[in-house]
1. For the list (1) open to solvent by 50 Å² or more (accessible area, probe 1.4 Å); (2) in a loop (DSSP other than H, G, I, E, B), I need the number of the one condition that L124 fails.
2. Condition first: closer than 20 Å to V324 by Cα and of a type in the set (G, A, S). Now tell me which residues in the stretch 139-179 satisfy that.
3. For the stretch 188-209, indicate whether the set of residues that are touching a Leu at 6+ places or on another chain (Cβ under 9 Å), free of Cβ contacts under 8 Å to residues at least 60 places away in the same chain and crowded, with 19+ Cβ neighbours inside 10 Å is non-empty.
4. Kindly check whether there is at least one residue in the stretch 286-302 that is closer than 30 Å to E168 by Cβ and open to solvent by 70 Å² or more (accessible area, probe 1.4 Å).
5. Since K243 meets every condition but one in (1) open to solvent by 50 Å² or more (accessible area, probe 1.4 Å); (2) modelled with pLDDT of 95 or more, which condition does it not meet?
6. Can you pull out the residues in the stretch 166-182 that are open to solvent by less than 30 Å² (accessible area, probe 1.4 Å), in contact with a Phe, Trp or Tyr (Cβ under 7 Å, 6 or more places away or on another chain) and part of a helix (DSSP H, G or I)?
7. Provide a single number: the residues in the stretch 18-42 that are at pLDDT 95 or above and of a type in the set (D, E).
8. Tell me which residues, restricted to the stretch 279-328, are in contact (Cβ under 8 Å) with a residue 40 or more places away in the chain, among the aliphatic types (A, V, I, L, M) and over 26 Å from D106 (Cβ atoms).
Amino acid sequence: MAYVQIVNIRNMNELSSVLKIYHKDIPSFLLPFLKSKELERIDQVGMHCGMEYTSFPFYKDFKKYSRYEHSLGVALIVYHFTKNIKMTLSGLFHDIATPSFAHVIDFLKGDHDKQEATEEKTSLFIQRDQIIQDELVKLSLTTKDVDNYHLYPIADNDSPRLSADRLEYTLHNFYNYHFASLEEIKELYDDLTITFNEEGIEELAFKHIKLAKKFSLLTLKNSHVYVTDEDRYGMEYLARMLKKEISNGVIKEEDLYTTEKEVINKLLANSKSKSSWFDFTSLDKITREDKPSSALSFKISSKKRFIDPLVLNQGRISLLDEEVHKEISSFLEESFDYYLVRA
């Protein structure tokens, strides 16, 4: 069982291959924040919501991809396009309160469709980290200036628009899922600029329709991964298991805001929860059924993530290209009205 390792990034050479595309260097004002306890914690919280611990073939041999790397990537993208320190730090901190197994906790709280429950404690986590607070003072900033990236549309905006957050995990997963090479990812990234959208709000946009189309179709490949039967079942299975072990007193809800390694070690220290954990990690195949055949048969909805980017001076790609329009419509029409059970 592989655990992620603390990165302690200090320079560009220590960045993952994808992050090196986003900006030519790490701005000096960011470096002290990268050593903060709360950001280091999320270097041991993965982006794959616990699925990398299962035995599903798709997740085998994935490269490490943590919430720390994602957050730094978002910050680099925001800075690359805006040079705005406040917006950049908001991007850096947007996942600072993410619990272990990330959106599994949304499933645990019944937030399958919006998946926003993981953002509840952002301000608290920023406020309680002394390194972050000391560095904010040096920049004449406060927690309130950087604890809500939703205020800055280049960092975050409403789906299906393109923002730095959505762009980072999309490009990174093109690479993780082997959907695109680093060269292709760089070509897409280099074609982006900032424009004003239909509502007069700033938004990232592609300069060329050909690359906007390529990005959109690749994005939909990601979208299908995020809602596969395996992904939905695995997240629901893990959410129910964690909820049971909280009820049994094996772990506490606050333990979820430590690291995945710490949570797993607590589960492994108890014979019953150890067995439950290994049942989860042995998940390797899921089948559909019309009626529930056991207590482990679940009907599971999920948030459908997709992106409909702008093309500079032309509009949304879904209105410009019929193939993209059809593929988005088909994805949104997919039904989850069936039960899943491990095969």
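The values are calculated or read from the model by the stated rules, or taken from the named source; none is laboratory data. Keep in mind that what you see is a predicted model, and the values were worked out from it rather than measured. As a convention, Cβ positions derive from the backbone with ideal geometry for all residues, glycine included, and neighbour counts pool all protein chains shown. The accessibility values were calculated without ligands, DNA or RNA, using every heavy atom of the protein model including side chains. Shrake-Rupley method; radii C 1.70, N 1.55, O 1.52, S 1.80 Å.
1. Only one criterion in (1) open to solvent by 50 Å² or more (accessible area, probe 1.4 Å); (2) in a loop (DSSP other than H, G, I, E, B) is unmet by L124, namely (2).
2. Result: S159, S163.
3. Yes: the stretch 188-209 contains one or more residues that are touching a Leu at 6+ places or on another chain (Cβ under 9 Å), free of Cβ contacts under 8 Å to residues at least 60 places away in the same chain and crowded, with 19+ Cβ neighbours inside 10 Å.
4. No, there is no match, as no residue in the stretch 286-302 is closer than 30 Å to E168 by Cβ and open to solvent by 70 Å² or more (accessible area, probe 1.4 Å).
5. Here K243 meets the rest and fails (2).
6. Of everything in the stretch 166-182, those that are open to solvent by less than 30 Å² (accessible area, probe 1.4 Å), in contact with a Phe, Trp or Tyr (Cβ under 7 Å, 6 or more places away or on another chain) and part of a helix (DSSP H, G or I) turn out to be L171, H172, N176.
7. Of the residues in the stretch 18-42, 2 are at pLDDT 95 or above and of a type in the set (D, E).
8. Within the stretch 279-328, L310, V311, L312, I317, L320, V324 qualify.
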